[in-house]
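S.K.: Below you will find the structure I want to go over with you.
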Amino acid sequence: MGLRSSLREGLMAGTINIFVILLGVTRLFGDLFQKWFNLPSQAAGVWLALLAVAMWAGARARHHVPTSSPVKTALAGLAAGLAHGLVLGLFIWIVSTLVQGGAEVRKWLAQLTPDAVRLLTFGLSPVVGALVDLAALTAAGLAGALLSMASQRYAWGPSLRKGLGRARAGVRASPVAEGIAQFPYTKWILIGLGLAVVILAPFGLGQYWNYTVGIVGIYVLLGLGLNIVVGLAGLLDLGYVAFFAIGAYTVALLTAPTPHGIQMSFWLALPISVGIAALAGVLLGVPVLRMRGDYLAIVTLGFGEIIRILAKSDVLIDFTGGPRGVRDIGGPSLFGIDVNNEFYFVYFIVIAIGLVAYVTNRLQHARVGRAWMAMREDEDVAAAMGVYTLKYKLLAFAIGAAFAGLGGGLYASRNRYTSPEDFVLLVSINVLCIVIIGGMGSIPGVIVGAVVLKGIPELLRELADFRMLVFGALLIFMMIVRPEGLWPSKRRSMELREATGPPGQESAAITAAATGEEGA
């Protein structure tokens with residue numbers, strides 16, 4: 001079991017590193033290190049990013065070892081590093097072989113320039129370069145496992161484990177939680193690194209990639225909103241794009257010179273769009289309160305199509321602009337400085353994601369979050385236990401719609417244009433796929449899902465016609481192999497394992513759910 005888990009950690013880390021390469025994160029690190037330390041090459045920054053992920057995989061694999069034996073720890077780290085190296089080495093070998101053969105890889109994968117491939121293979125032949133990569137990543141996995149064990153044994157690990165055991169009353173924490181407990185500064189280091197990347201990344205990215213990051217951020221906002229409706233409350237909403245459209249059109253009509261000439265300040269129009277979207281969520285929730293499952297999905301789908309058709313209708317052309325849409329939408333300004341461009345909007349979107357994630361996390365761990373999860377598992381039992389399901393359904397619709405309205409307002413203002421064609425059914429399906437593939441009920445899962453489903457296709461623009469095929473294949477794969485998602489919530493993982501685990505595990509899972517806190 002420990003070996004399989006270690007191999008799984010290595011395969012996951014290898015997949016993450018492939019995405020890191022395809023998204024150009026390694027190139028960004030290489031540029032930054034080259035500038036900061038006046039290095040002759042980008043190789044140091046590139047390989048620092050790759051080896052950090054490999055060591056992280058080794059550290060996670062170490063937690064799957066039942067004892068603190070150095071031999072077993074080393075074997076777990078080697079297994080994770082080897083799996084990681086095989087995945088990444090095979091990828092690098094294939095890409096370098098294609099590049100050396102004259103294939104135009106950049107036509108489909110924009111970040112795989114010949115220079116980038118040479119950095120990944122150390123300038124060697126494809127086979128030798130892939131073998132060197134395999135050895136380096138295997139060693140990094142081993143180092144990560146041994147460092148994790150050493151820090152636990154010889155530093156502050158034992159005393160913190162005792163404190164953690166007393167606080168948890170015998171409930172075993174997740175590997176990530178134990179790792180953070182063993183390294184008390186890990187949380188702040190990770191937060192600091194995340195803030196540094198957020199602050200510095202727009203400077204290293206061009207206009208196109210800042211725009212792409214903004215699109216991914218908008219879908220993160222939408223995913224966090226739908227995650228409340230579907231992931232926490234269990235209400236299947238296929239018309240979620242309607243609230244996105246309401247938020248966008250509210251900002252557009254209040255700030256654009258035409259068709260009404262109101263030209264309100266963006267900072268006043270944005271909260272109004274959030275409020276109107278929340279009101280629309282309540283109005284939608286009232287007539288569908290007693291519907292469930294497929295019936296609820298069909299009704300909400302119809303609501304989304306009604307909003308799009310009304311916005312496109314010639315009947316309302318004097319009010320919404322009709323098929324022409326709304327142009328010259330107003331944007332934000334700070335102290336008289338116009339900041340309505342892709343560069344500054346990255347920061348606005350990231351701040352909005354932080355606020356929405358904070359609110360979601362607080363709600364998830366509050367009384368209302370527990371009521372939503374009880375409704376998701378069995379609405380009749382929840383009602384019998386005293387949960388006022390009608391109130392909590394309306395609250396879920398309103399909060400989810402408010403987050404979508406916020407995303408719509410930012411989307412319209414950033415583009416300075418909006419039209420009915422921006423709010424088709426495919427948007428709702430995309431957001432639903434993000435929630436399911438990322439992990440229902442999980443905030444990090446929504447972020448990972450948005451990066452995978454909206455960021456990666458931008459690297460494969462020539463294959464955009466096959467996007468729905470990829471979505472379908474991913475959904476099938478996730479439902480069979482990892483039904484809880486790429487980064488699931490702790491509670492959701494326990495719920496899905498209860499039905500398939502050994503008889504003795506169910507009571508332990510129920511006890512952990514009752515006494516432990518769920519990870520964000």
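S.K.: Go through region 272-291 and report how many residues are farther than 19 Å from Y411 by Cβ and part of a helix (DSSP H, G or I).
M.R.: The qualifying residues number 5.
Table: residues versus (1) closer than 18 Å to V424 by Cβ; (2) assigned by TED's automatic domain parsing to the domain that holds L406; (3) touching a helix residue (DSSP H, G or I) at 6+ places or on another chain (Cβ under 7 Å).
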{"residue": "G281", "(1), (2), (3)": "no, yes, yes"}
{"residue": "L289", "(1), (2), (3)": "no, yes, yes"}
{"residue": "L296", "(1), (2), (3)": "no, yes, no"}
{"residue": "F303", "(1), (2), (3)": "yes, yes, yes"}
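S.K.: Let me ask something additional. Just need a number here: residues in region 370-403 that are more than 22 Å from V299 (Cβ to Cβ) and polar (S, T, N, Q).
M.R.: Total meeting the criteria: 0.
S.K.: Looking at this structure, is L236 surrounded by fewer than 24 Cβ atoms within 10 Å (Cβ to Cβ) and under 30 Å from G293 (Cβ atoms)?
M.R.: When the stated conditions are applied, L236 passes them.
S.K.: Still on this structure, I have one more. Scan region 435-448 for residues that are under 8 Å from the mean Cα position of the chain (by Cα) and surrounded by 24 or more Cβ atoms within 10 Å (Cβ to Cβ) and jot them down.
M.R.: If the condition is that a residue be under 8 Å from the mean Cα position of the chain (by Cα) and surrounded by 24 or more Cβ atoms within 10 Å (Cβ to Cβ), then G438, I443, G445, V446 are the ones that fit.
S.K.: Would it be correct to say that R376 is assigned by TED's automatic domain parsing to the domain that holds G261, touching a helix residue (DSSP H, G or I) at 6+ places or on another chain (Cβ under 9 Å) and in contact (Cβ under 8 Å) with a residue 24 or more places away in the chain?
M.R.: yes
S.K.: Out of the residues in region 203-240 that are in contact with an Asp or Glu (Cβ under 7 Å, 6 or more places away or on another chain) and not β-branched (V, I, T), state the one that is nearest to E305 (Cα to Cα).
M.R.: Per the stated criteria, the residue is L226.
S.K.: In region 311-360, which residues are surrounded by fewer than 19 Cβ atoms within 10 Å (Cβ to Cβ) and assigned to a strand (DSSP E or B)?
M.R.: If the condition is that a residue be surrounded by fewer than 19 Cβ atoms within 10 Å (Cβ to Cβ) and assigned to a strand (DSSP E or B), then R327, S333, L334, I337, D338 are the ones that fit.
S.K.: Something else about it: Looking for something of a type in the set (S, T, Y), at pLDDT below 95, touching a Lys or Arg at 6+ places or on another chain (Cβ under 9 Å) and not in a helix (DSSP H, G or I) - is there at least one such residue anywhere in region 236-259?
M.R.: yes
S.K.: List the residue pairs whose Cβ atoms are under 6 Å apart, where the first residue sits in region 64-91 and is outside any helix (DSSP H, G or I), the second is at pLDDT below 90, and the two are 6 or more positions apart or on different chains.
M.R.: As it stands, the answer is H64/G2; H64/S5; H64/S6; V65/G2; V65/K72; V65/T73; V65/A76, since those pairs meet every condition given.
S.K.: Going by the structure shown, is V381 at negative phi and surrounded by 15 or more Cβ atoms within 10 Å (Cβ to Cβ)?
M.R.: no
S.K.: Also, I was wondering about something else. Against the condition surrounded by fewer than 22 Cβ atoms within 10 Å (Cβ to Cβ), modelled with pLDDT of 90 or more and part of a helix (DSSP H, G or I), how does A412 come out, does it pass?
M.R.: When the stated conditions are applied, A412 does not pass them.
Residue-wise test of (1) assigned by TED's automatic domain parsing to the domain that holds V65; (2) surrounded by 13 or more Cβ atoms within 10 Å (Cβ to Cβ); (3) touching a Ser or Thr at 6+ places or on another chain (Cβ under 9 Å); (4) assigned to a helix (DSSP H, G or I).
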site: L109; (1), (2), (3), (4): yes, yes, no, no
site: V117; (1), (2), (3), (4): yes, yes, yes, yes
site: L120; (1), (2), (3), (4): yes, yes, yes, yes
site: G123; (1), (2), (3), (4): yes, no, no, no
site: G129; (1), (2), (3), (4): yes, yes, yes, yes
site: V132; (1), (2), (3), (4): yes, yes, yes, yes
site: L137; (1), (2), (3), (4): yes, yes, no, yes
site: A140; (1), (2), (3), (4): yes, yes, no, yes
site: G144; (1), (2), (3), (4): yes, yes, no, yes
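Residues checked against (1) of a type in the set (A, V, I, L, M, F, W, C); (2) surrounded by fewer than 18 Cβ atoms within 10 Å (Cβ to Cβ); (3) within 22 Å of L410 (Cβ to Cβ):
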position	(1), (2), (3)
I246	yes, no, yes
A252	yes, no, yes
A256	yes, no, yes
L270	yes, no, yes
G293	no, yes, no
G302	no, yes, no
I309	yes, yes, no
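S.K.: Need pairs with beta-carbon distance below 6 Å; first residue free of Cβ contacts under 8 Å to residues at least 40 places away in the same chain and within region 102-131, second part of a helix (DSSP H, G or I) and among the hydroxyl-bearing types (S, T, Y); sequence gap 6+ or separate chains.
M.R.: Short answer, once both residue conditions are applied: V117/S96; T121/S96; P126/S96; P126/T97; G129/T121.
S.K.: Can you tell me which residues in region 111-133 are of a type in the set (G, A, S) and in contact with a helix residue (DSSP H, G or I) (Cβ under 7 Å, 6 or more places away or on another chain)?
M.R.: A116, G129, A130
The values are calculated or read from the model by the stated rules, or taken from the named source; none is laboratory data. Keep in mind that what you see is a predicted model, and the values were worked out from it rather than measured. Glycine gets a Cβ as well: all are built from the backbone with ideal geometry, and neighbour counts include every protein chain shown.
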